[in-house]
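The values are calculated or read from the model by the stated rules, or taken from the named source; none is laboratory data. What you are looking at is a predicted structure, and each value in this text was computed from that prediction instead of being measured. Reconstructed Cβ throughout: ideal geometry from the backbone, glycine too, with neighbour counts over all protein chains shown.
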């Protein structure tokens, strides 16, 4: 199931109000914008929804109003969720024009029961989402929403992505990785190499495409660190770079190299496990040089094209902009109480007209020619 569009508002009628309207998505998306336009905020809003519908977190937000449209094999699923002061005010699920859930304040509403073939009355706690009442017999239609949230991944590329985290492995008790935890690169690598014979080669090939040539990738004791009073020595990722005689453990890698390695490890695991997912990557390419950031973007796009993965990235890096086709762009602009989006779906002619000019993609962003009528700030 793929995210098709999202409309979101918080703190309606208050000075803190912020909204984004009908942000439409394709299979591959790059959100472009200056600092503080709402790029990270939008990714966080999507992540929060995924965590809520998959029960990763409880309702803990003061205000939010979602209308989200999904597409699954041509079937349209619309999910509406509005809450105030951590209590649900409205919740709906509509699948191909059929209402499966309609719930108002105080938890009262109607839900479709498959066995009865009709909607029945129900009441849920005001701080609990009704869509989490998964039941393969009576309410199987909630499962798609749950799976989307469960499989959603969110990576902040500007963070360490697990560089300072190690793992201890026991033969009789092997840890199952939490794929939503972007810091678990070591655990995910261990599981990947044991479960999929081609895993390490796939990671090495992808790292080479980005500009990091590796002869080998293994798990082992860190060569540059000691762990006092440790009964069992933690394991970390160690690489043999082609142009170096010695090996490099994860604490000695540059931040850019480890971020890239961590992301590639986690992405390859999801792809080999055939996990359909929505992958959010904030500040993609942060800390990488021009050639490697461009190569990483190309790698991610190529992988997403041939998979069930939906890729949503954000950047304000001009070099990345110049290397991602405009068809994948969503330009974000900030206004006093909302952010607006311009992309191929709502501004196709202006995007196509600019492509005929021969100017760089970055010129399109800075010129403001994607707007039909320039707004006054």
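Out of the residues in region 164-188 meeting the condition of being under 15 Å from residue 266 (Cβ atoms) and touching a strand residue (DSSP E or B) at 6+ places or on another chain (Cβ under 6 Å), tell me which one is surrounded by the fewest Cβ atoms within 10 Å (Cβ to Cβ).
The qualifying residue surrounded by the fewest Cβ atoms within 10 Å (Cβ to Cβ) is 167.
Filter region 106-121 down to the residues that are at pLDDT below 90 and within 18 Å of residue 88 (Cβ to Cβ), then identify the one that is surrounded by the fewest Cβ atoms within 10 Å (Cβ to Cβ).
Step by step, filter region 106-121, then rank; the result is 106.
Please go through region 186-200 and give me each residue that is free of Cβ contacts under 8 Å to residues at least 40 places away in the same chain and under 14 Å from residue 220 (Cα atoms), ordered by number.
Selection gives 187, 193.
Among the residues that make up region 101-113, is at least one of them under 21 Å from residue 3 (Cβ atoms) and assigned to a strand (DSSP E or B)?
Yes - at least one qualifying residue is present in region 101-113.
Does residue 150 meet the test of being closer than 22 Å to residue 255 by Cβ and crowded, with 17+ Cβ neighbours inside 10 Å?
Numbers: closer than 22 Å to residue 255 by Cβ: no; crowded, with 17+ Cβ neighbours inside 10 Å: yes.
For residue 150, the condition - closer than 22 Å to residue 255 by Cβ and crowded, with 17+ Cβ neighbours inside 10 Å - is not met.
(1) in contact with a strand residue (DSSP E or B) (Cβ under 6 Å, 6 or more places away or on another chain); (2) part of a helix (DSSP H, G or I); (3) at pLDDT 95 or above: which one isn't true of residue 238, the others all being true?
Exception for residue 238: condition (2).
To keep it simple, each residue is scored yes or no on (1) closer than 17 Å to residue 33 by Cβ; (2) without any contact (Cβ under 8 Å) to a residue 40 or more places away in the chain; (3) over 22 Å from the mean Cα position of the chain (by Cα); (4) not in a loop (DSSP other than H, G, I, E, B).
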site: 300; (1), (2), (3), (4): no, yes, no, yes
site: 313; (1), (2), (3), (4): yes, no, no, yes
site: 340; (1), (2), (3), (4): yes, no, no, yes
site: 357; (1), (2), (3), (4): no, yes, yes, no
site: 365; (1), (2), (3), (4): yes, no, yes, yes
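Return the only residue of 78, 95 being in contact with a helix residue (DSSP H, G or I) (Cβ under 7 Å, 6 or more places away or on another chain) and farther than 20 Å from residue 16 by Cα.
95
Take residue 126 and tell me if it is within 30 Å of residue 287 (Cβ to Cβ) and either in a strand (DSSP E or B) or in contact with a helix residue (DSSP H, G or I) (Cβ under 6 Å, 6 or more places away or on another chain) (or both).
Working: within 30 Å of residue 287 (Cβ to Cβ): no; either in a strand (DSSP E or B) or in contact with a helix residue (DSSP H, G or I) (Cβ under 6 Å, 6 or more places away or on another chain) (or both): yes.
It is false that residue 126 is within 30 Å of residue 287 (Cβ to Cβ) and either in a strand (DSSP E or B) or in contact with a helix residue (DSSP H, G or I) (Cβ under 6 Å, 6 or more places away or on another chain) (or both).
How many residues does region 45-56 hold that are more than 14 Å from the chain's Cα centre (by Cα) and either under 21 Å from residue 20 (Cβ atoms) or surrounded by 19 or more Cβ atoms within 10 Å (Cβ to Cβ) (or both)?
Filtering region 45-56 down to residues more than 14 Å from the chain's Cα centre (by Cα) leaves 52-56.
If we keep only those that are either under 21 Å from residue 20 (Cβ atoms) or surrounded by 19 or more Cβ atoms within 10 Å (Cβ to Cβ) (or both) as well, we get 52-54.
Matching residues across region 45-56 total 3.
Looking at the structure I just gave you, is residue 215 farther than 27 Å from residue 319 by Cβ, at pLDDT 95 or above and either in a loop (DSSP other than H, G, I, E, B) or in contact with a helix residue (DSSP H, G or I) (Cβ under 9 Å, 6 or more places away or on another chain) (or both)?
Spelling it out, residue 215 is indeed farther than 27 Å from residue 319 by Cβ, at pLDDT 95 or above and either in a loop (DSSP other than H, G, I, E, B) or in contact with a helix residue (DSSP H, G or I) (Cβ under 9 Å, 6 or more places away or on another chain) (or both).
How many of the residues making up region 318-338 are within 19 Å of the chain's Cα centre (by Cα) and over 20 Å from residue 357 (Cα atoms)?
Here the count works out to 1.
Suppose we filter 275, 264 for residues that are over 13 Å from the mean Cα position of the chain (by Cα) and either surrounded by fewer than 16 Cβ atoms within 10 Å (Cβ to Cβ) or under 19 Å from residue 205 (Cβ atoms) (or both); which single one remains? Before the answer, list the steps.
Details: 275 fails: either surrounded by fewer than 16 Cβ atoms within 10 Å (Cβ to Cβ) or under 19 Å from residue 205 (Cβ atoms) (or both).
Only one candidate passes the filter, namely 264.
Being more than 30 Å from residue 14 (Cβ to Cβ), under 23 Å from the mean Cα position of the chain (by Cα), modelled with pLDDT of 95 or more and crowded, with 19+ Cβ neighbours inside 10 Å narrows it down to one residue among 77, 81; which is it? I'd like the intermediate steps shown before the answer.
On the way: 81 fails: more than 30 Å from residue 14 (Cβ to Cβ).
Only one candidate qualifies: 77.
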